[in-house]
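The values are calculated or read from the model by the stated rules, or taken from the named source; none is laboratory data. Please read all numbers here as calculations on a predicted model, not as lab measurements. Using ideal geometry, Cβ is built from the backbone for each residue, glycine included, and neighbour counts are taken over all protein chains shown.
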Amino acid sequence: MIREEDFVQSHGPYAVDLDSLQITGSFDGVGGTWYQCRADAVWFRRRKGLTVACIGELRTSQQPRPADTAEFLERYTDGRYGGDCFGRWDGTRYWGAQEPGIAAAHLALLRPMLERHPAIPAGYDGWWRF
């Protein structure tokens, strides 16, 4: 991924929590051991003419094991699938987790995020794009 200072909606950028890297597993493959990595992210997208705020994660397998989230992002080159969206807010409706605690946590981040579009939420680093 490439880090950009300016928000450009058409680039499909992500803001990433740089303290969120998780190595969730590993497997042996071509060239040795591959590590399954994920990091928390938020982003804006356009859906049916509306700007929406999304929360989810970026995930991929990498080799060798990344030392930190910044290294994970710098080596993440295949963006064809984008982020895995867990929750989305369009200013009126929420789509995502049905567990009240998780939905409330998502909305606590997504509501002010959409109100302040295109500002980066506190605790996140942006903007990262493929």
ARG80, sole failed condition from (1) at pLDDT below 95; (2) touching a helix residue (DSSP H, G or I) at 6+ places or on another chain (Cβ under 9 Å): (2)
Hey, among ARG59, ARG3, ARG65, which residue is touching a Ser or Thr at 6+ places or on another chain (Cβ under 9 Å), of a type in the set (D, E, K, R) and touching a residue at least 40 places away in the same chain (Cβ under 8 Å)? ARG65
Residue among ALA67, ALA41 that alone is in a loop (DSSP other than H, G, I, E, B) and among the aliphatic types (A, V, I, L, M): ALA67
Limited to region 33-82, what total is found for residues that are more than 11 Å from GLN22 (Cα to Cα), among the small types (Gly, Ala, Ser) and within 15 Å of the chain's Cα centre (by Cα)? 6
Given the options LEU50, LEU18, name the one that is surrounded by fewer than 19 Cβ atoms within 10 Å (Cβ to Cβ), in contact with a helix residue (DSSP H, G or I) (Cβ under 6 Å, 6 or more places away or on another chain) and under 22 Å from LEU109 (Cβ atoms). LEU18
Give the number of residues within region 67-115 that are among the hydroxyl-bearing types (Ser, Thr, Tyr) and either in contact with a Pro (Cβ under 6 Å, 6 or more places away or on another chain) or under 17 Å from ALA39 (Cβ atoms) (or both). 4
Please go through region 21-38 and give me each residue that is surrounded by fewer than 16 Cβ atoms within 10 Å (Cβ to Cβ) and either part of a loop (DSSP other than H, G, I, E, B) or among the β-branched types (Val, Ile, Thr) (or both), ordered by number. ILE23, THR24, VAL30, GLY31, THR33
Hey, any hits in region 85-92 for a residue that's in contact with a Cys (Cβ under 8 Å, 6 or more places away or on another chain) and of a type in the set (S, T, N, Q)? no
Would you please name the residue that is surrounded by the fewest Cβ atoms within 10 Å (Cβ to Cβ), looking only at residues in region 95-116 that are out of contact with any helix residue (DSSP H, G or I) (no Cβ under 9 Å at 6 or more places or on another chain) and in a loop (DSSP other than H, G, I, E, B)? GLN98
